[in-house]
Structures are given as C-alpha cells and as structure tokens.
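Visitor: Can you keep this structure in mind? I'll have questions shortly.
The values are calculated or read from the model by the stated rules, or taken from the named source; none is laboratory data. Since the model is a prediction, treat every value here as computed from it, not as a measurement. Because the Cβ atoms are built from the backbone with ideal geometry, glycine has one as well, and the counts that use them run over all protein chains shown. Surface accessibility is based on the protein's heavy atoms, side chains included, excluding ligands, DNA and RNA. Shrake-Rupley method; radii C 1.70, N 1.55, O 1.52, S 1.80 Å.
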Amino acid sequence: MAYNNYLLKIGNYTVPAKYIRAKTYSAYLNMQDVDPWTDADGYVHRNAIELKAIKIEFETIPMLTNYELEEFLSNVRSNYISADERTFNVTAYIPETDSYVIQKAYLADFTPVMYGTYGNVVRYEAIRFAIIGGVA
C-alpha cells in the first residue's frame, strides 16, 4: 500500500500533519541480528531475524501551545495499551518500502522546553518525539 494521506497513527488516532514540523519526520525499519560475528578475515556473519523493528522520529511545530500539546498527548494516552510502559499499536508510513507498517511500540521519554508564557498560554519550542517498535 502506497502513501495514503497520513504519516502516523497511534492506535486509531491519526496524528495531524499540522503538528509535525516540516523536514523532521523519519521512519525506518531496523535490521536486527541474533549473535552476529566477525571471522578472522574480517567478514561479518549475520543471523538476520524476520522482525524489523520500526523507529519513528519527528518534531512538533515550534510555538505549540499547552492546549495543542494536551490535545495531542491526550489522544496518544487514550490509545495506550499500557500507560506504565507507554505502549500502543502504531501504524507508520515507511519511505523505504512506500508502505505502512503496524507494530506494537512505545513512546520514548521526551522533554518539552518552554519558549515562554504569554497571557494565560504556554508556548513550547519544537518537541522531539521518538516511537520505537518491536515491543512484545
């Protein structure tokens, strides 16, 4: 399936493109090996496994308000399988294959940095999010 008008779904929540900063979306499949080794001639012997864990990274637009950030995060939280682990099912567009991959994944730690407060509104610098797949 080729690109279908969205980059990322967390559970049934389609992340709006308006929240993803241009030139920051990166999604790829990680090759994984079990016990690779290098022989005396320097050749690597790989034991590639079938699962290719996805990794998705993006930044939010700069100057996101506290209301917009809460809207985004509440939609993410409502799709958690486990809140303690921050796990969910993710559907991500993978440019390498021009297709979508669905895996169980988790939201890595993130650090919102405040740009400032204006009136009764908090504004944030761009926030980097990372989603790592291949979770059991």
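Visitor: Residue check, Asp35 against (1) in a loop (DSSP other than H, G, I, E, B); (2) of a type outside the set (A, V, I, L, M); (3) free of Cβ contacts under 8 Å to residues at least 12 places away in the same chain, all met but one. Which one?
Guide: With (1) in a loop (DSSP other than H, G, I, E, B); (2) of a type outside the set (A, V, I, L, M); (3) free of Cβ contacts under 8 Å to residues at least 12 places away in the same chain applied to Asp35, the lone miss is (3).
Visitor: Further question: Quick one: in segment 49-69, which of the residues that are open to solvent by 60 Å² or more (accessible area, probe 1.4 Å) and either of a type in the set (A, V, I, L, M) or on the phi > 0 side of the Ramachandran plot (or both) is modelled with the lowest pLDDT?
Guide: Leu51
Visitor: Follow-up. Quick check on Phe72: is it under 14 Å from Ile132 (Cα atoms) and either open to solvent by less than 80 Å² (accessible area, probe 1.4 Å) or in contact (Cβ under 8 Å) with a residue 12 or more places away in the chain (or both)?
Guide: Judged against the criteria, Phe72 is not a match.
Visitor: I'd like to verify a number: residues in segment 14-30 that are in contact (Cβ under 8 Å) with a residue 24 or more places away in the chain, under 21 Å from Val135 (Cα atoms) and surrounded by fewer than 17 Cβ atoms within 10 Å (Cβ to Cβ), how many?
Guide: 2
Visitor: Looking only at segment 108-126, how many residues end up being part of a loop (DSSP other than H, G, I, E, B), open to solvent by less than 80 Å² (accessible area, probe 1.4 Å), within 14 Å of Leu64 (Cα to Cα) and touching a Lys or Arg at 6+ places or on another chain (Cβ under 9 Å)?
Guide: Here the count works out to 1.
Visitor: Same structure, new question: Which residue out of Ala105, Ala130, Ala136, Ala92 is under 28 Å from Asn4 (Cβ atoms), open to solvent by 80 Å² or more (accessible area, probe 1.4 Å) and not basic (Lys, Arg)?
Guide: Answer to the selection: Ala136.
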